[in-house]
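To start, the structure itself, in structure tokens.
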Amino acid sequence: MTKTSSRLLVGAALAIVPLLGLAGVASADTQAVNYTCQGKAAGQTSNLTLQQNVDSTAPATVAPGGALTITLAPGVNTVPTAAGSFTVKSVKNMTLSVPVPANATVNSFSLSGGSGIGSATVAQVGNNIVTSVTGPINGGAQFQLPALTLNLTAGESGSITTTLAGTSLSDPGLKFTTTVSVFGFPIDAPTVCYPNPAPTLTTTTIG
């Protein structure tokens, strides 16, 4: 596989990242998130940049010790059918991590909705809330990740900000695998991404 072909393959994998297009309300601005990504396949490594708009929902203010809810609701997306001359067979093993905001305590979190994704689970892993989707999601198929709802308790002062996880290629916040057909053989292209710079999606003032 040539370096150019590998880049095309990884580009197809990255084409699913619009799963981050989150439908929000007026309390939050739309943010353009720049992701630095790296994909590996067939002995080749490719680096590229992705830009994705993100909306989110959170209250503008909350009383000290009060309850607040943050919701991230992905929109409908379509898996690409081709990467250059290669056929995209499916996408699988997708994870999206959201850090627990500072100055807040997690009471609960849940998923709702979603379609065409296989099974979906959510769990707290360290200081992140991680949504995991098994797939496979076939090439050309539409899918929608479930909405993530975080129920939090505010601290006594300061502000509560939301962002997306990931600080480097060795600490990614978005991961997925795309399976493509190369000369009739299935090849997996693992891809990792992190927001660069990390966005401030919402800010809730405590007070």
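Quick note: the coordinates plus some simple rules give every number you see, no bench work behind them. It should be emphasised that the depicted structure is a prediction, and the values quoted were computed from it without experimental measurement. As a convention, Cβ positions derive from the backbone with ideal geometry for all residues, glycine included, and neighbour counts pool all protein chains shown.
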Order by protection proxy (mean Cβ within 10 Å, highest first), peptides 179-191, 133-145: 133-145, 179-191
Amide hydrogen neighbours beyond the local backbone of ILE129, cut-off 5 Å, H modeled: VAL98, VAL100
Net lengthening on full extension, THR134/SER108 (0.36 nm per residue, minus Cα-Cα): 7.1 nm
Where the Cα pairs of the range 56-207 fall when distances are cut into 5 Å bins, in %: 2, 9, 16, 18, 17, 14, 9, 6, 4, 2, 1, 0, 0
Relative exposure of CYS193, CYS37, judged by other C-beta atoms within 10 Å (fewest first): CYS37, CYS193
3J(HN,Hα) from dihedral phi, the range 138-146, Karplus parametrisation 6.51/-1.76/1.60, rounded to Hz, x for glycine, proline: 5, x, x, 8, 7, 8, 9, 6, x
